[in-house]
Each structure stands twice: as C-alpha cells, then as structure tokens.
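Since the structure comes first, as structure tokens, the remarks are kept for the end.
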Amino acid sequence: MTTETPLSRLDLNLLVSLDALLTERSVTRAAERLHLSQPALSASLGRLRTHFNDKILARTGNTYELTPLAVRLSELTATALDSARRVFDSQAEWNPTQSTREFTVLGSDYGFATIGAAVSKLAAETAPGVRFRFRMHNPSIVEDAIAQLRSVDAMMIPHGFLSDLPYSDVFTDEWRIICTDDNPHVGEHITMENIAELPWVFNYLSRSAFTSASRQIRELGIEPTVAAVVEGFHVLPHFVQGTNRLALMQKRLTDVLIPREGFRVLETPFDATPISAALWWHPTHNSDPEHAWMRRLFAQAGAAMQADAGAAAA
C-alpha cells in the first residue's frame, strides 16, 4: 500500500490563485486579473485558508491586508511560479529566433552596465523575442547562492565569493581609484599615505561582502577611514563629488561613467589583483540547450569586450 505525498494531493492551480490574491490584495481584482468569476476565486481563497490555517487576506476597514504568513508567502509564491513556468517552457528542440523565453540573471549594477548590456544587444540581434531580466544581488543572496540559483538562470559575480558551482569566465577588469580633480591632498599619483589618511566610500562593506581591492588594502595593514558605504557602483561619484574622499571603481566603469571634468581616475599604488568576472549557475542547468545558448551569448559578449579593450590599449 502506497501513501500519497502531500504534493500529490494539492491542486497546483491554487498557486496561481494565491499569487494573484497576494499581488492584488483583493478577491475582485484578482478574479479580474485571472479572468475568473468572483465566486470561483472566493472558493479558491477558502481552500487556501483551510490549507494554511490562516486568513491570508484580513479585512481592515474597507480594504484587505496581508497576514504575516501571507507576507512571507509572497516571495516564495513568485519564485515557485517562475520555476514552474521555466519547467513547462523547456523544449527538446529550441530555436532562439522564435523563442520568447525570459532569462533571469543576478548581478551588480557594474555587471549590468558592462557584460549585461552587451549580452542584451547581442540577444536583440539574434533572438529578438528573448528577454533578459537583470536583478540586483545582495550579500544575503550571495551567501545563499546554491539555493538562489535554483530559481534563476545565473549570477554574475567575480571569483572569490562562490565555489563548488559550474561557471564560465567572461571578462577581466582592473581597479582604479577616483577622486575629485581639486582634491588638495592628492598629487600626480595616489600614494599609500593617501589611502591610509583620506576618507573612503566603499561598497558592500561587511564580513562576507567586499571588493577584492578593499580587502587587499586591509591585508596591507591599513584600516581605511570609511565615510560612507553604498550597495552599488554607479552612485560612487556622487559620494566623492565635493569632498576629499577616495573610492575604488572598475576601469571599464570609469571609462563610461566618470565625467571628463571634475574627477580624476588614478592607478592604485599597490598591485591590485585584476577582476575576473564569471557567470555562475546551478548544476541542473548544465544540459539545458536554452541555458547553453545563454552561456554562449555571455562568452561571445565577453570576448568582444576583451577585444575592444585590447584594441583601445594598442
């Protein structure tokens, strides 16, 4: 005698109803969104309330609010639906020129402005119906990378943070230091004394989130004075402007982001380890032909970026 698993007794259509209810916070609007009658969706809400032993939607005056459990379910439900769609969108034979698949990639604003933009342009030329969704990662996502990568296609992040996952190297970059062009403490070059004495703007400054160059500064025995911490690279110039602060920034980003007037872009006074940017994914994607196509697109875009950089340096 076999015993059914809890999943086999569930009506997975309720997942769609739950997502609409959590998003709209109204039976009427959720029904309209799903093109269902209000009584039909009310019945689904009743079944969900029985299953979770929770109201899900609690009336407050003339409106409904999500219960604490419903708030926790919101992100889980969206992730589960996205994973389900990816399962049923998979095909034995895949033609990118006719596909409307959406690939979700986690990364930083630096990654999006460089390789992400290049990949998007290539996709528009060869697979106009394919869409990329670039989502910002954060320290908690990186720390839980294996679980996070189950529900997305890939993560763009340099070496040094992830391990025991498949990856492909995409491009390399170098670190630079930016400051204002009228910083009275900085001469023709940045010195180690400048690094030790001037205030800094850093990114992701925590035990598990950092940039490789900022870690090197500490490994050299310097504890820099940190004036501000930001979770992104595009905003760095705004925190440096009008101050005597320094900030570390990737060369590729300084080339397109730093104004020609008002700022200086200088080489580091220490041998900063080059950035080796890579694309990481969950092992379940290894044999997926659609995912393999996406990986080749990143490799192609990265090769073009490296070739452009080499031509510019020549």
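The values are calculated or read from the model by the stated rules, or taken from the named source; none is laboratory data. Everything numeric in this text was worked out from a predicted model, so none of it was measured. Every residue, glycine as well, gets a Cβ built from its backbone with ideal geometry; the counts of neighbours run over all protein chains shown. SASA here: full protein model, heavy atoms, side chains in, ligands and nucleic acids out. Shrake-Rupley method; radii C 1.70, N 1.55, O 1.52, S 1.80 Å.
Annotations for the structure displayed:
- Meets criteria (more than 18 Å from the chain's Cα centre (by Cα), part of a helix (DSSP H, G or I) and farther than 21 Å from LEU253 by Cα) for ALA196: yes
- Just one residue in the set VAL71, VAL87 is surrounded by fewer than 13 Cβ atoms within 10 Å (Cβ to Cβ), in a helix (DSSP H, G or I) and at pLDDT below 85; that residue is VAL87.
- When restricted to residues that are part of a helix (DSSP H, G or I), of a type in the set (A, V, I, L, M) and either surrounded by 20 or more Cβ atoms within 10 Å (Cβ to Cβ) or touching a Leu at 6+ places or on another chain (Cβ under 6 Å) (or both), the stretch 270-304 contains 3.
- Condition met for SER151 (outside any strand (DSSP E or B), hydroxyl-bearing (Ser, Thr, Tyr) and under 30 Å from VAL265 (Cα atoms)): no
- Pick from the stretch 152-182, criterion over 23 Å from ARG218 (Cα atoms), crowded, with 19+ Cβ neighbours inside 10 Å and not charged (D, E, K, R), ranking: modelled with the lowest pLDDT: VAL152
- Of all residues in the stretch 127-146, those that are farther than 25 Å from ARG252 by Cα and open to solvent by 40 Å² or more (accessible area, probe 1.4 Å) total 5.
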